[in-house]
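Encoded as structure tokens, the structure appears first; notes follow it.
The values are calculated or read from the model by the stated rules, or taken from the named source; none is laboratory data. Bear in mind the structure is a predicted one, so any value in this text is a computation, not a measurement. We place every Cβ from the backbone using ideal geometry, glycine too, and count neighbours over all the protein chains shown.
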Amino acid sequence: MKALFITVLLAFCVACGARSTVKVGEMTTMKVNEVFDAGTVVKGEVVKASFVVKNTGDAPLVISEVRPSCSCTVADKPTEPIAPGMSTTIVAKVETANVSAKSITKSVTLVTNTEGSTKVLLIKAKIK
């Protein structure tokens, strides 16, 4: 029993040590395609936009907020910092059922620990 406890404790310590540590005020850089063009969609269809975010800096990338432009748009937010050289995907969904226009442009704003601190991602589609 004692050996099992020590093994579990050791595994926990190793797992905790593998995470990226973030220092307050530490800045980094990132690369992301800022526009997702869904092309032509049928009214009522949900547009699913994927944005690959890559940390191109030397410090962990923290995405502290993901703010959709309206209630018809929902986006996920990474729960952990993105280590240098690693990537994550942010998925945003836009509901088109109540859209009356022939085309839409919706945005999702990322708040990050990069120079400028915000990045606006655009989702475009034509409604048929």
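Looking at the range 29-62, which of its residues are without any contact (Cβ under 8 Å) to a residue 60 or more places away in the chain and either over 23 Å from Met86 (Cβ atoms) or of a type in the set (D, E, K, R) (or both)?
Correct list: Lys31, Gly44, Glu45, Val46, Lys48, Lys54, Asp58.
So which residues in the range 36-76 are among the charged types (D, E, K, R) and over 12 Å from Ile104 (Cα atoms), if there are any at all?
Listed by number, the residues that qualify are Glu45, Lys48, Lys54, Asp58, Glu65, Arg67, Asp76.
Within the range 47-65, does at least one residue satisfy the condition of being in contact with an Asp or Glu (Cβ under 7 Å, 6 or more places away or on another chain), of a type in the set (Val, Ile, Thr) and under 15 Å from Ser103 (Cα atoms)?
Keep residues of the range 47-65 that are in contact with an Asp or Glu (Cβ under 7 Å, 6 or more places away or on another chain), which gives 59.
Within this subset, residues satisfying the condition of being of a type in the set (Val, Ile, Thr) are none.
So far as the range 47-65 goes, no, none of its residues is in contact with an Asp or Glu (Cβ under 7 Å, 6 or more places away or on another chain), of a type in the set (Val, Ile, Thr) and under 15 Å from Ser103 (Cα atoms).
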Query raised in the report: Hey, does the range 18-32 have a residue that's loosely packed, with under 15 Cβ neighbours inside 10 Å, over 13 Å from Lys119 (Cβ atoms), in contact with a Lys or Arg (Cβ under 8 Å, 6 or more places away or on another chain) and at pLDDT 95 or above?
Result: no
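Taking the conditions exactly as written (aliphatic (A, V, I, L, M) and more than 24 Å from Gly44 (Cα to Cα)), does Val111 satisfy them or not? Before the answer, list the steps.
Details: aliphatic (A, V, I, L, M): yes; more than 24 Å from Gly44 (Cα to Cα): yes.
For Val111, the condition - aliphatic (A, V, I, L, M) and more than 24 Å from Gly44 (Cα to Cα) - is met.
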Query raised in the report: What's the number of the condition Glu65 fails, among (1) under 10 Å from the mean Cα position of the chain (by Cα); (2) in contact (Cβ under 8 Å) with a residue 60 or more places away in the chain?
Result: (2)
Query - Failed condition for Gly116, given (1) touching a residue at least 12 places away in the same chain (Cβ under 8 Å); (2) surrounded by fewer than 15 Cβ atoms within 10 Å (Cβ to Cβ); (3) within 19 Å of Lys31 (Cβ to Cβ) - result: (1)
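May I ask you to verify whether Lys77 is within 19 Å of Lys43 (Cβ to Cβ) and among the charged types (D, E, K, R)? Can you show your working first?
Numbers: within 19 Å of Lys43 (Cβ to Cβ): no; among the charged types (D, E, K, R): yes.
No: the conditions fail for Lys77.
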